[in-house]
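First comes the structure, then the notes that go with it.
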Amino acid sequence: MWDYSEKVMDHYRHPRNVGTIEDADAVGTAGSLVCGDQLKIYLKIDNNIVTDAKFQTFGCGSAVASSSILTEMIIGKTIEEVRKITNKDIADQLDGLPPEKMHCSVMGYEALEDALKDYRADGYVPLEEVQNETKEKMICTCFQVTDKVIIDAIKANGLKTVEEVTNYTKAGGACGRCKGEIQKIIDNYYSGTVEEEKPKELTPTQFILKVNNLIETQISPELVKDGGDIELVDIKDKDIYVKLKGMCSGCKNSTMTLKVFVESTLQKALGDDIRVIEVK
């Protein structure tokens with residue numbers, strides 16, 4: 001018998017955001033009824049931010065819990081933030097899953113990726129263009145698992161054996177004929193012959209939205225705790241002009257606040273070449 005956390009049991013017994021969105025801006029599926037688990041996720045996106053998310057799933061309690069908490073994780077997030085979510089993040093939010101059930105968190109990650117694969121900040125692109133951008137090789141035909149899914153699982157969870165890959169992705173869990181290919185992927189990854197995907201450069205619009213979101217969700221709430229606040233004034237290339245407000249504006253350590261907290265927070269998310277400049 002597997003041990004489940006209280007969060008898993010809570011989301012299984014009381015799943016959040018179950019249902020569909022008729023006018024969804026993005027829809028993604030993962031899994032297959034043939035293999036026993038299937039998930040469909042619906043997203044409503046406004047101004048590059050996920051404003052609503054719902055799901056339908058056929059599967060075990062771990063699949064329901066993973067899908068439920070995933071919708072809570074992504075509502076209110078920008079598309080760029082959502083794209084960074086891994087199956088490990090989903091499992092961590094549930095305070096862990098048994099190794100044999102980790103594939104449920106991977107299914108959530110796959111459905112989310114499928115929903116966003118043809119979505120861009122400026123709208124949709126034709127599916128054939130997306131397929132040309134991301135050429136993936138089918139490794140496990142029994143469970144429809146590609147090399148990208150396996151590599152992503154290895155990277156996010158530090159998987160080192162075929163058995164671990166099977167637990168996380170189901171690949172190799174049926175006929176087993178793909179286990180040799182899975183082992184090659186593992187060997188290539190740890191030998192450095194698998195190239196890691198380079199992060200996509202943000203468009204000017206995406207960059208501005210990202211800066212706004214970081215200030216509103218991460219920086220401003222912390223400053224408010226100490227009686228201060230911050231206002232975004234302007235953005236010129238990598239220079240971000242801000243105005244400190246409240247207690248922060250008259251603080252003797254305002255320069256330290258800008259450099260140690262504000263600038264470092266933005267640099268961590270956007271790159272070391274970010275510079276924050278105070279406007280009086």
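If R0 is 30 Å, what FRET efficiency do you get for Ser191 and Val27 from their C-beta distance, rounded to 0.05?
Values: r = 38 Å, r/R0 = 1.26.
Working from the Cβ atoms, E equals 0.20.
Rg and Dmax of region 6-191, using alpha carbons, in Å: what are they?
15.9, 46
Kirkwood hydrodynamic radius, computed over distinct alpha-carbon pairs, for region 204-278: how many Å, to one decimal?
Kirkwood radius, region 204-278: 12.2 Å.
Say the cut-off is 19 Å between C-alpha atoms; which of Lys44/Lys236; Lys40/Lys160; Lys210/Lys238; Lys7/Lys170; Lys44/Lys117 go over it? Show your work: numbers first, answer last.
On the way: Lys44/Lys236 31 Å; Lys40/Lys160 29 Å; Lys210/Lys238 13 Å; Lys7/Lys170 23 Å; Lys44/Lys117 15 Å.
With Cα atoms farther than 19 Å apart: Lys44/Lys236; Lys40/Lys160; Lys7/Lys170.
Would you kindly derive the ³J(HN,Hα) couplings of region 218-234 from the backbone phi angles with the Karplus curve 6.51 cos²θ - 1.76 cosθ + 1.60 (θ = phi - 60°), listing them in order in whole Hz, with x for Gly and Pro?
Residue by residue, region 218-234 yields 10, 8, 4, x, 6, 5, 4, 4, 9, x, x, 6, 9, 10, 7, 9, 6 Hz.
Between Lys155 and Glu6, what length in nm is gained on full extension when 0.36 nm per residue of separation is reduced by their alpha carbon distance?
So the chain would gain 50.9 nm between Lys155 and Glu6.
Mean 1/r over all different Cα pairs, inverted: what Kirkwood radius does region 136-236 give, in Å?
For region 136-236, the Kirkwood estimate is 16.8 Å.
What is the fewest-to-most order of Ser67, Ser5, Ser220 by other Cβ atoms lying within 10 Å of their Cβ?
Exposure proxy ranking, most exposed first: Ser5, Ser220, Ser67.
Taking the inverse of the average 1/r across all pairs of different Cα atoms in region 68-108, what Kirkwood radius in Å do you get?
Averaging 1/r across every pair of different Cα atoms and inverting gives 10.5 Å.
For the pair Asp237 and Ser264, how long in nm is the line joining their label points, each one 7 Å along Cα→Cβ?
Rounded to a tenth, the inter-label distance reads 2.6 nm.
Which order do Met9, Met107 fall in if you start with the one that has the fewest other Cβ atoms within 10 Å?
Neighbour counts put them in this order, fewest first: Met9, Met107.
Bear in mind these aren't lab numbers, they're just calculated from the coordinates by the rules spelled out. None of these values were measured; they are calculated from a predicted model. Quick reminder, even Gly has a Cβ in these numbers, built from the backbone with ideal geometry, and neighbours come from all protein chains shown.
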